[in-house]
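The values are calculated or read from the model by the stated rules, or taken from the named source; none is laboratory data. Just so it is clear, the structure is predicted and the values come from calculations on it, not from any experiment. Every residue, glycine among them, receives a Cβ derived from its backbone with ideal geometry; neighbour counts consider all protein chains shown. Heads up: the accessible areas ignore ligands, DNA and RNA and are worked out on the full protein's heavy atoms, side chains in. Shrake-Rupley method; radii C 1.70, N 1.55, O 1.52, S 1.80 Å.
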Number of protein chains: 2
Amino acid sequence: MAREGARGLTFRAVDAEAGVPKGTASNYFPSRDALLDQVGAHIHVRLAPDPARVEETLRAPRDRELVVRFTRDILRRLHADRAGYLALLELRLEATRRPDLRAGFTETIRARLEDSIAFHLDSGLPGDRTTVVLLYIAMTGLIVESLTLPGVLGDEEALVSALVDRAAAIAAR
Amino acid sequence: MAREGARGLTFRAVDAEAGVPKGTASNYFPSRDALLDQVGAHIHVRLAPDPARVEETLRAPRDRELVVRFTRDILRRLHADRAGYLALLELRLEATRRPDLRAGFTETIRARLEDSIAFHLDSGLPGDRTTVVLLYIAMTGLIVESLTLPGVLGDEEALVSALVDRAAAIAAR
């Protein structure tokens, strides 16, 4: 998907990439739609942070530095698995053409965002609900830019640090 | 492109969509690559703000409200031409596979971002260089989210207002 786009994800391409006999993928998935829906469900698992790493990070004080660490960890994961993040972006576009994929994605991403907000507020991290939503949209934009036009932005780590400071600067009371 | 993705942009599809005889598009463009490069050059023209509207907006005082107006105008343009913004996103992904397209896009988008920064600073608008970069990446993320999973974010106008406040909240001296 990352290499050829969503249209490149055919039964034939999956068989070839997996080095299995022609017809294997079509034995496991009733249709190309079903294959794409399963890819759409799996991509969130692939891109999720390592729970052991999250747990370790959570031992640190719940302050601005922790928000920077979590946000920079998204950058680290992006650069460790560019193909995974590109596939997610291909799937987002494919979702504009596939209502089932869109419904599943919307549910998963809304739930993740609500979890992040609840965690942020419950932990007493600096900022408010809007802080988390702004971090989310800005990181979405930074990921798209870094994946597709890596020459546009400068130092991504510095940008993340400024983003955290400012997203948390004014909080609703 | 918005409807079928970059792969759907074939000479045959262009001829059919334009209602011209088969073979017409291929008379105007030496190759599909050349067609995509031209689409890539034109999309920025299509999505650019109306100069008359920009000039009128610039008569307002150079304050926070003006930054909110300019940023909300991006939202207005997004909702007035979703197909155009979807095509831009398809082209961004296509650029990961086409070095010429990527080079042209990188140059155009860097130049636009530098123009925005220069305008912001020269006009004495609140914030600094980082303010403009953060507005840019957050709006890129908001556009991607709004186009692909419109059910995830809530009130976009309120989010833009909070974004401007916070992006400009702490400025480097």
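Structure summary
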item: Solvent-accessible area per residue for chain B (1.4 angstrom probe, square angstrom); result: 50
item: √(5λ) per eigenvalue of the Cα gyration tensor, the stretch B:69-133, largest first, Å; result: 25, 18, 7
item: Which of A:ILE170, A:LEU147, A:PRO126, positive extreme of dipole for the stretch A:34-173 (C-beta unit charges); result: A:ILE170
item: Virtual spin-label span in nm between A:ARG62 and B:ASP63, 7 Å along Cα→Cβ; result: 3.8
item: Gyration tensor verdict on the stretch B:1-85 (Cα atoms; rounded if a/c is under 1.5, prolate if a/b is larger than b/c, oblate otherwise); result: prolate
item: Expected 222 nm ellipticity per residue - DSSP helices of 4 or more, -39500 (n - 2.57), all of the protein assembly as shown, to 500; result: -23000 deg cm²/dmol
item: At least 10 Å² of accessible area lost relative to the chain alone, listed for the stretch B:117-134 with a 1.4 Å probe; result: B:THR130, B:VAL133, B:LEU134
item: Folded to 0 to 90 degrees: helix B:156-167 orientation relative to chain B principal axis, Cα; result: 60
item: Teacher prompt: A:ARG82 distances to equivalent labels in other copies, 7 Å Cα→Cβ, nm; result: 3.2
item: Whether the stretch B:1-41 is rounded, prolate or oblate, judged on the alpha carbon gyration tensor where a/c under 1.5 counts as rounded; result: oblate
item: Accessible area of chain A belonging to carbon and sulfur atoms, whole % at 1.4 Å probe; result: 53
item: Accessible surface buried once B binds A (1.4 Å probe; total of both sides; Å²); result: 4100
item: Mean projected area in nm² (Cα convex hull; one quarter of hull surface) for the protein assembly as shown; result: 20.1
item: Extension reserve of the B:ARG32-B:ALA80 stretch, reckoned as 0.36 nm per residue once the Cα distance is removed; result: 14.5 nm
item: Helix axis angle, B:129-148 relative to chain B longest principal axis, alpha carbon, degrees; result: 50
item: Cβ-vector label at 7 Å, B:ALA103, separations to other copies in nm; result: 4.7
item: Descending semi-axes in whole angstrom, ellipsoid equivalent of the stretch A:15-173, from the Cα gyration tensor; result: 33, 17, 16
item: Chain B, dipole about Cα centre (Lys/Arg Cβ +1, Asp/Glu Cβ -1), debye to the nearest 20; result: 280
item: A:ARG72/B:ARG46 FRET efficiency (R0 45 Å; Cβ-Cβ; nearest 0.05); result: 0.80
item: Inter-copy separations for B:GLU56, label at 7 Å along Cα-Cβ, nm, ascending; result: 5.8
